[in-house]
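A short write-up of the structure that comes next.
The values are calculated or read from the model by the stated rules, or taken from the named source; none is laboratory data. Since the structure is predicted, the reported quantities are computational estimates derived from the model, not experimental observations. Note that each Cβ is placed from the backbone with ideal geometry, even for glycine, and that neighbours are counted across all protein chains shown.
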Amino acid sequence: MAPRLSARKAKDHTVGGKVEAHCHNMVNIENVPPGGALPPRHLGSYWRMAILKIARMGHPVLRRRAADVADPAAPEIQTLADDMLQTMLDAPGTGLAAPQVHVPLRLVIFRVPLTEAEDLAGDEAPLTVLINPLLEPLDDEMEAAWEGCLSLPGLRGLVPRHTHLRYRGVDLAGASIDRTVEGFHARVVQHECDHLDGILYPQRMTDLTGLIFESEMRHRIAEARAQERERLQALQAQAAAAAAEI
Ligand code: NI
């Protein structure tokens, strides 16, 4: 279920004798293209882009437990979600938690397009604003995969996460969200909700040799390909040996 991010009317404010137009950029999620960037027709000169500054690892806001959102339907929470969406699309990122934009509240947004879900339909996530989330791993199965984070620019980490997850919370209308998900969708939710408890992905890693710069990923990819080649060669040798015995 995708939240509706409503359009709001611009207001004119008089600042220092000049009239300035202030508003929140009108965001209609139906018009957000798969690539992420909003088309220019939504960003006419009248509209203000609300790109927020992203806190980086070391800032205390990323270490503390965020507070519950008292009224998910409050206008300022809608504004926060709109601005976070703009910020996430601009970065670009797959998800963003409110503490990452210096707001210590339990609100995250995320979106996993099918292409990033490695073509696994079950991993796809619609654009979601999740407020006051509750996470429940469904079993002990864990899987490791690469993650990045807008608060740790340039880095990638191989992070174990629960494969199967149920999560609950509410959306911007206060309506309940209750989903059972797996794979990349489950990973993104765990990553984002960790931000609400002051946890960054390196703290979830069990082997820090898997913490590398994104620019060096090519070496890991080459290693993985070499290992896969060796594995296939071993299988072929086994098959040949088995055939010789018949
Ligand atoms: Ni993050």
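You will find that of Gln238, Gln203, Gln227, the residue that is free of Cβ contacts under 8 Å to residues at least 40 places away in the same chain, outside any loop (DSSP other than H, G, I, E, B) and within 16 Å of the ligand (Cβ to nearest atom) is Gln203 and no other. Within the range 61-105, the residues that satisfy the criterion of being in a helix (DSSP H, G or I) and within 16 Å of the ligand (Cβ to nearest atom) are Val61, Leu62, Met84, Leu85, Thr87, Met88, Leu89, Asp90, Ala98, Pro99, Gln100, Val101.
Do the conditions hold for Leu138, that is, is it within 15 Å of the chain's Cα centre (by Cα), more than 26 Å from Val101 (Cβ to Cβ) and surrounded by fewer than 16 Cβ atoms within 10 Å (Cβ to Cβ)? Taking the combined requirement at face value, the residue does not satisfy it.
Each row is one residue, and each column tells you yes or no for (1) of a type outside the set (Phe, Trp, Tyr); (2) without any contact (Cβ under 8 Å) to a residue 60 or more places away in the chain; (3) under 17 Å from Pro133 (Cα atoms).
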{"residue": "Ala70", "(1), (2), (3)": "yes, yes, yes"}
{"residue": "Ile77", "(1), (2), (3)": "yes, no, yes"}
{"residue": "Ala81", "(1), (2), (3)": "yes, no, yes"}
{"residue": "Gln86", "(1), (2), (3)": "yes, no, no"}
{"residue": "Leu89", "(1), (2), (3)": "yes, yes, no"}
{"residue": "Gly93", "(1), (2), (3)": "yes, yes, no"}
{"residue": "Pro99", "(1), (2), (3)": "yes, no, yes"}
{"residue": "Leu105", "(1), (2), (3)": "yes, yes, yes"}
{"residue": "Phe110", "(1), (2), (3)": "no, no, yes"}
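Pairing residues of the range 147-163 that are within 13 Å of Glu192 (Cα to Cα) with residues that are at pLDDT 95 or above and of a type in the set (Val, Ile, Thr), at Cβ distances under 7 Å and at least 6 apart in sequence or on separate chains, gives Glu147/Val159; Leu150/Ile54; Ser151/Ile54. When the residues of the range 106-142 are filtered to those that are within 16 Å of the ligand (Cβ to nearest atom) and in a loop (DSSP other than H, G, I, E, B), the one that is modelled with the highest pLDDT is Arg106.
The listed residues are Arg168, Arg187, and the only one of them that is in the same structural domain as Val61 (by TED's automatic domain parsing) and either hydroxyl-bearing (Ser, Thr, Tyr) or outside any helix (DSSP H, G or I) (or both) turns out to be Arg168. Here the condition is being buried (at least 19 other Cβ atoms within 10 Å of the Cβ), within 16 Å of the ligand (Cβ to nearest atom), part of a loop (DSSP other than H, G, I, E, B) and on the phi < 0 side of the Ramachandran plot; of Cys193, Cys149, it holds for Cys149 alone. When the residues of the range 206-224 are narrowed to those that are in a helix (DSSP H, G or I) and of a type in the set (A, V, I, L, M, F, W, C), which ends up nearest to Arg56 (Cα to Cα)? Across the range 206-224, the extreme among qualifying residues is Leu208.
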